[in-house]
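Worksheet for the structure shown next.
The values are calculated or read from the model by the stated rules, or taken from the named source; none is laboratory data. Remember, predicted model here, so these are calculated numbers, not experimental data. Positions of Cβ are backbone-derived with ideal geometry, glycine not excepted, and every protein chain shown enters the neighbour counts. We work out accessible area using only protein heavy atoms, side chains counted, and drop any ligands, DNA or RNA first. Shrake-Rupley method; radii C 1.70, N 1.55, O 1.52, S 1.80 Å.
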Amino acid sequence: MKKNLIVANWKMNLSLKDSKNRAREFATSITQLSERFKKNLPHIVICPSFSALSAVHTSVRATRGLVKVGSQDCFWDPQGAFTGEESPVFLRELGVEYIIVGHSERRMYLGETHDMIEKKIHSFVKEHTLIPILCVGEKKEDRASAKRTQVISRQILSAISSIRKHKPARPLVIAYEPVWAIGTGNPCTARDCARVNSLIKKILSSYLGTAYTAEWCRIIYGGSVSAKNIRDFVVEGISEGALVGGASLQAREFFHLIRSLL
Ligand code: PEP
């Protein structure tokens, strides 16, 4: 059985000093917890801002791989005249293993398009062995299910279009993140989440194949997840993990969230 995946998205919230301290505090508690629960611990990934990636990687090293590091974004090309961008090769050098792709905040504020997201997925999966966490989800106005199905199908199909033909044996994480649930304290219901997860699984299976989807794809949920509600999504077998924003910012709170899964 696949282990669950819990990803902390710190967004642009913590300074270098705070990132380092919180990662260190969290790493210490997880290491202690692992003495009792090693087999059951989920995969854990922390995604700090670019400036803190190296420090956070150093802070979690003592966990011996229990806590990994991810980036909140990355450019698709490895090198060149791309002012302000980060390279997948350079991020790999810093110890980054996961990349969040197409978060709704990037689609909304930075104009990230389907085409850009597709280039990123292609680059990370096929060329750079980085694991993409592809974020999909509908806005409030798309909530009526017909529109929701259309929005999510388009987001997934455009993102995976280039890996469809030559499927690389590499993991792909899809995070279902309804935009209206992010940072609002108002998560989607477990029932609704289950419905969307089966839609996502159906789309992946029909374009990538059932066996490939079962082996390489993992569907997680994001949107106001906390220690109080995570079991509704993860332990009940609805999602295979969670993408956590606000509730991952304090080391103790994030630790309790992980602890509540065991
Ligand atoms: C997110 O931004 O990906 C997220 C899930 O945030 P929050 O947990 O704060 O809703």
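Determine which member of the set Ile219, Ile203, Ile160 is more than 17 Å from the chain's Cα centre (by Cα) and buried (at least 20 other Cβ atoms within 10 Å of the Cβ).
Ile203
List every residue pair whose Cβ atoms sit under 9 Å apart, with the two residues 6 or more apart in sequence or on different chains, where the first one lies in segment 114-130 and is touching a residue at least 24 places away in the same chain (Cβ under 8 Å) and the second, anywhere, is of a type in the set (Ser, Thr, Tyr) and in a helix (DSSP H, G or I).
His114/Ser158; Asp115/Ser158; Ile117/Ser158; Glu118/Ser158; Leu130/Ser123
Pick from segment 86-106 the residues that are open to solvent by 50 Å² or more (accessible area, probe 1.4 Å) and over 15 Å from the mean Cα position of the chain (by Cα): which of them is nearest to Arg61 (Cα to Cα)?
Per the criteria, the residue is Leu94.
If you go through segment 237-256 one residue at a time, do you hit one that is aromatic (Phe, Trp, Tyr) and open to solvent by 20 Å² or more (accessible area, probe 1.4 Å)?
Among the residues of segment 237-256, at least one is aromatic (Phe, Trp, Tyr) and open to solvent by 20 Å² or more (accessible area, probe 1.4 Å), which makes the answer yes.
Of the residues Pro171, Pro178, which is within 19 Å of His103 (Cα to Cα), within 16 Å of the ligand (Cβ to nearest atom) and not hydroxyl-bearing (Ser, Thr, Tyr)?
Pro178
Is there any pair linking a residue in segment 242-253 that is over 16 Å from Thr184 (Cβ atoms) to one that is charged (D, E, K, R), with Cβ under 6 Å and at least six apart or on different chains, and which?
Ala251/Arg22; Ala251/Glu25
Would you point out which residue out of Lys165, Lys119, Lys126 is open to solvent by 60 Å² or more (accessible area, probe 1.4 Å), at pLDDT below 95 and part of a helix (DSSP H, G or I)?
Lys126
Among the residues of segment 207-262, write down those that are within 10 Å of the ligand (Cβ to nearest atom), of a type in the set (Gly, Ala, Ser) and over 24 Å from Ile156 (Cα atoms).
Hits for segment 207-262 are Ser226, Gly246, Ala247, Ser248.
When the residues of segment 222-236 are filtered to those that are assigned to a loop (DSSP other than H, G, I, E, B) and in contact (Cβ under 8 Å) with a residue 60 or more places away in the chain, which remaining residue is surrounded by the most Cβ atoms within 10 Å (Cβ to Cβ)?
Gly223
Does segment 49-72 include one or more residues that are out of contact with any His (no Cβ under 8 Å at 6 or more places or on another chain), closer than 23 Å to Leu134 by Cα and open to solvent by 80 Å² or more (accessible area, probe 1.4 Å)?
Within segment 49-72, one or more residues are out of contact with any His (no Cβ under 8 Å at 6 or more places or on another chain), closer than 23 Å to Leu134 by Cα and open to solvent by 80 Å² or more (accessible area, probe 1.4 Å).
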